[in-house]
Amino acid sequence: MLRRIGIELARHAPFTAAGAVSGIVIMAIVVLVKTPSNVSETIFYILHPAHVLFSAIVTTAMYKRYSTGKLWAAILIGYTGSVGISTLSDSIIPYLGGESLSINMEFHIGFIEKWWLVNPLAFLGIAIGYLRPTTKLPHAAHVFLSTWASLFYFTAFGAAQWLPLLPLIFLFLFLAVWIPCCVSDIVYPHLFLGGAQHHHD
């Protein structure tokens, strides 16, 4: 398992870096056009639920493809793997990143504040992942949505001179996506497979 984790992290690093670069470009544009924080907040609350949706699709699909596909287990794994890890990626890591840079950050948890939107999308993602267990395109969407949600958390809930901080923001965006997304999409569902694994094409 540890070897697989290392391989997957290494394989996804370049793609995650590309996502972080796209995030830095978007963040620079947001700063240069002086986008109000309330606009960034609105965008965050669009991207975060979308991230949860695609995360639920991939996590559930990965479990379904390599297991006997018990429905109750798929729901449990898909929900905790998407909502829990998306919260870590989109909210907790950006918040801690901002605090470590001495930025005055507000702390917000999307699935609590927008529970009426995030939870239905999580269950929709579980249903899609269970019925159509495909992972490649949803995983790509997951990576980019996670990156963009994390960057808009910074600009929505923090106030700073962002341009000089962009190299460090890149690092936090990379870490906020690389480890949580790989854990959510690949490692987490495999923890529940046990010894017997079944591949469904």
Exercise for the section: Inspect region 62-78 for any residue being touching a helix residue (DSSP H, G or I) at 6+ places or on another chain (Cβ under 8 Å) and under 20 Å from residue 108 (Cα atoms) and give the result as yes or no. Expected result: no
Exercise for the section: Report, by residue number, each residue of region 137-157 that is among the small types (Gly, Ala, Ser) and either modelled with pLDDT of 95 or more or buried (at least 24 other Cβ atoms within 10 Å of the Cβ) (or both). Expected result: 146, 149, 150, 156
Problem - Condition met for residue 23 (in contact with a Phe, Trp or Tyr (Cβ under 7 Å, 6 or more places away or on another chain) and at pLDDT below 95) - result: yes
Exercise for the section: Could you tell me whether residue 38 is surrounded by fewer than 24 Cβ atoms within 10 Å (Cβ to Cβ) and either over 19 Å from residue 155 (Cα atoms) or of a type in the set (Val, Ile, Thr) (or both)? Expected result: no
Handout entry: Subset of region 1-16 [of a type in the set (A, V, I, L, M), surrounded by fewer than 16 Cβ atoms within 10 Å (Cβ to Cβ) and part of a helix (DSSP H, G or I)]
Key = 2, 5, 7, 10, 13
Practice task
Residues being without any contact (Cβ under 8 Å) to a residue 12 or more places away in the chain and within 14 Å of residue 180 (Cα to Cα): count how many of those fall in region 3-27.
Solution key: 2
Handout entry: Every pair of residues 6+ apart whose Cβ atoms lie under 7 Å, when the first sits in region 165-190 and is farther than 17 Å from residue 88 by Cβ and surrounded by fewer than 22 Cβ atoms within 10 Å (Cβ to Cβ) while the second is modelled with pLDDT of 80 or more and among the β-branched types (Val, Ile, Thr)
Key = 166/24; 170/24
Handout entry: Number of positions in region 140-163 that are within 15 Å of residue 97 (Cβ to Cβ) and assigned to a helix (DSSP H, G or I)
Key = 12
Practice task
Would you be able to say whether some residue in region 114-136 is surrounded by fewer than 24 Cβ atoms within 10 Å (Cβ to Cβ), under 17 Å from residue 176 (Cβ atoms) and either of a type in the set (Ser, Thr, Tyr) or touching a residue at least 12 places away in the same chain (Cβ under 8 Å) (or both)?
Solution key: no
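The values are calculated or read from the model by the stated rules, or taken from the named source; none is laboratory data. As the structure is a prediction and not an experimental result, all values here were calculated from the model. Virtual Cβ from ideal backbone geometry, glycine too; neighbours counted across all protein chains shown.
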